[in-house]
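All remarks here apply to the structure that follows.
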Amino acid sequence: MKRYISSAKPVKLDRRQLLRQQAEFTAKYQARTEEYQAQYSRYQAAKEEWKNNLLSKIDSIFSSYIKTLPGLEINTNPWYGEGITIVFNYEHAADAALKWEYKIILSDEGDLRKESSSYSGLSAVRPEDFENLTATVNFLKAIFEYDGWEKLLSEAQATTPSYREYVTIKDPKYDPEYRDPGYKKMLEEASLQSFLGKDIWIHSDKDQCWYNILGETPKYFKVYTILDRDIRLNPKYMLRELDNDVMYENSIKKEYLRYSDSMETLTTAELKEMIQAKIDQRND
């Protein structure tokens, strides 16, 4: 077989050096990830503590009403840019005669507003339903008339944990300084370069063929190619091609030829033996 000699000067990759660099990068990335996650966890814990303190104050203020409404859910949404919202939700209570939601909102600009909505029609057919409705009305009236919302939520707003106070570094997934330069691709190319010009055929399950790498340019590998289909359908012809050394060269982009350690490799003699075995099986 003739060998392809490129006039270009592709970069020769050192697989051992790449493996060392990849290991160093991975260790650095993992350490940074652990540091970021530790900071983010502290921020989340601070937010949870802040939330629990606020809800505890609300519970203490309206405890006598809350006790009459089993299943009432109280939550807060301290999202950046949306102020603070206290949500009273009575949608999931099993014995609710009326399912409703009430919100107390303090915007980032300091505006206080209240919103209400209901999820279903009135269901009052039992004495306890009317008791439940009375408890609902009393509670809604109490939170509507409470004049301490602005002070309570303003204090909560002033003590909201700051993300930047707790998280001082970027998530390495989004930090350009921790971007993988493409070690996997470079290692694949380095492995393929190690077969260049050698009597080794590499089987690609993806392409369903055998490649023999003859040479390279910066972007392409020059290869001989034998398709699995041709071996299966025309084994005698493919054997003559190999015997007579009349293979045709073609190019494949390096980015399309992927290598893994699981790929089967054969010498030309071994490839011939495999093809001859297929011929013999047909003749049996």
Scoring only Lys, Arg, Asp and Glu (+1, +1, -1, -1) among other residues with Cβ under 15 Å from the Cβ of GLU109 yields -3
One checks the Cα atoms of the stretch 37-166 and finds Rg and Dmax, in Å, of 16.5, 54
For the chain, whose charge dipole is built from +1 on Lys and Arg Cβ atoms and -1 on Asp and Glu Cβ atoms, the candidate among ILE279, LEU242, ILE213 with its Cα farthest towards the positive end is LEU242
The FRET efficiency for TYR237 and GLU264, from their Cβ-Cβ distance with R0 = 22 Å and rounded to 0.05, is 0.50
Summing +1 per Lys or Arg and -1 per Asp or Glu among the other residues with Cβ less than 15 Å from PRO161's Cβ gives 0
Inter-part gap, Cα centre of the stretch 26-56 to Cα centre of the stretch 84-153, in whole angstrom, is 33
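Which entries of LYS173/LYS206; LYS99/LYS151; LYS12/LYS170; LYS51/LYS103 have Cα-Cα distances beyond 23 Å here?
LYS173/LYS206; LYS99/LYS151; LYS12/LYS170
Is there a quick way to get the dipole size of the chain? I mean about its Cα centre, with the Cβ of Lys and Arg at +1 and of Asp and Glu at -1; what is the value in debye to the nearest 20? It would help to have the intermediate numbers written out before the result.
Details: 41 positive and 47 negative charges, 305 e Å.
Computed about the Cα centre, the dipole is about 1460 debye.
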So the FRET efficiency between HIS92 and TYR174, C-beta based with R0 = 45 Å and rounded to 0.05, is 0.75
The ratio Rg/Rh over the Cα atoms of the stretch 136-244, Rh being the Kirkwood inverse mean 1/r radius, stands at 1.59
Rounded to the angstrom and largest first, Cα extents along the principal axes for the chain equal 98, 49, 25
Once amide hydrogens are built 1.01 Å from N within the peptide plane, the residues lying 5 or more places from LEU214 or on another chain with amide H under 5 Å from its amide H are GLY197, LYS222, VAL223, TYR224
So, with points 7 Å from each Cα along the Cβ direction, the ASP147-ASP207 label distance in nm works out to 8.2
Magnitude of the Cβ-charge dipole (Lys and Arg +1, Asp and Glu -1) of the stretch 182-283 about the Cα centre, nearest 20 debye, reported as 300
FRET efficiency for GLU24 and SER194 from the Cβ-Cβ distance with R0 = 25 Å, rounded to 0.05, comes out at 0.70
Given Cβ charges of +1 for Lys and Arg and -1 for Asp and Glu, the option among ALA46, ASN138, PHE62 whose Cα lies farthest towards the positive end of the dipole of the stretch 37-166 is ALA46
Checking ALA156, ALA31, ALA94 against a Gaussian network model of the chain (alpha-carbon springs below 10 Å), the top fluctuating residue turns out to be ALA94
The ³J(HN,Hα) series, computed from each phi in the stretch 82-96 with the Karplus coefficients 6.51, -1.76 and 1.60 at θ = phi - 60°, rounded to the nearest Hz and given as x for glycine or proline, is 10, x, 10, 10, 9, 10, 9, 10, 10, 7, 9, 5, 5, 9, 5
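Values in this text are rule-based calculations from the coordinates and carry no lab data. Not measured: the values here are computed from a predicted model. Virtual Cβ from ideal backbone geometry, glycine too; neighbours counted across all protein chains shown.
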